[in-house]
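Student: Could you have a look at this structure, given as C-alpha cells, before my questions?
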Amino acid sequence: MIVFVLFQTDIYRTRASRVFFGVFTSEAKAIDYAKENGLYSHRAEVEIIECETDKYGEV
C-alpha cells in the first residue's frame, strides 16, 4: 500500500526544519489538507513524500 506523508519545511527544504503534519491515502488529500490549514506561505514549503508501507527505510 502506498501512503503520502505531509511535511512543512523552510524555503530551503532542509531536513532539520521538517514538521510532520500527517499521513494520507492520496496525494490529493494531502494537498487539500495543506491548503485548508494554511501550510503554504512565502516563508514555508510543503513536501509530500510517497512511501510504501511495510518497508523499512529512512524518509
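Read-outs throughout are calculated quantities, based only on the coordinates presented, and are distinct from any laboratory measurement. Just so you know, these numbers come straight off a predicted model, no measurement behind them. Please note: Cβ atoms are built from the backbone with ideal geometry, for glycine as well, and neighbour counts cover all protein chains shown.
Student: Enumerate the calculated ³J(HN,Hα) couplings along the range 9-22 in order (Karplus 6.51 cos²θ - 1.76 cosθ + 1.60, θ = phi - 60°), each rounded to whole Hz, writing x wherever the residue is Gly or Pro.
Tutor: 10, 6, 5, 8, 6, 7, 5, 5, 9, 5, 10, 6, 10, x
Student: Counting only trypsin sites (Lys or Arg not before Pro) that sit in a DSSP loop (anything but H, G, I, E, B) with at most 10 other Cβ atoms within 10 Å, what is the longest stretch of the chain containing none of them? All intermediate terms of the calculation are to be shown ahead of the outcome.
Tutor: Details: sites that count: R43, K55.
Segment 1-42 is the longest.
Student: Give the label of the value calculated from the structure for Rg and Dmax of the Cα atoms in Å, choosing from [x] 11.6, 35; [y] 23.7, 74; [z] 16.0, 51.
Tutor: Recomputing Rg and Dmax of the Cα atoms in Å here gives the entry labelled [x].
Student: Between Y12 and N37, what length in nm is gained on full extension when 0.36 nm per residue of separation is reduced by their alpha carbon distance? All intermediate terms of the calculation are to be shown ahead of the outcome.
Tutor: Values: separation 25, 0.36 × 25 = 9.00 nm, distance 2.09 nm.
Full extension of this stretch gives 6.9 nm more.
Student: Against the longest principal axis of the chain, how steep is helix 27-36, in degrees 0 to 90 to the nearest 10, with axes from Cα atoms?
Tutor: Once rounded, the angle reads 30 degrees.
Student: Next up: Compute the label zone of T53 within the range 1-15: residues whose backbone N is under 18 Å from the point 7 Å along Cα-to-Cβ.
Tutor: In the range 1-15, the label zone of T53 (backbone N under 18 Å from the point 7 Å along Cα→Cβ) covers 1-6.
Student: Now for a different question. Sequence gap at least 6, Cα distance under 8 Å: using those rules, report the relative contact order of the chain to the nearest whole percent. Mind showing how you got there, number by number?
Tutor: Values: 92 pairs, mean separation 26.8, N = 59.
Here the relative contact order equals 45 percent.
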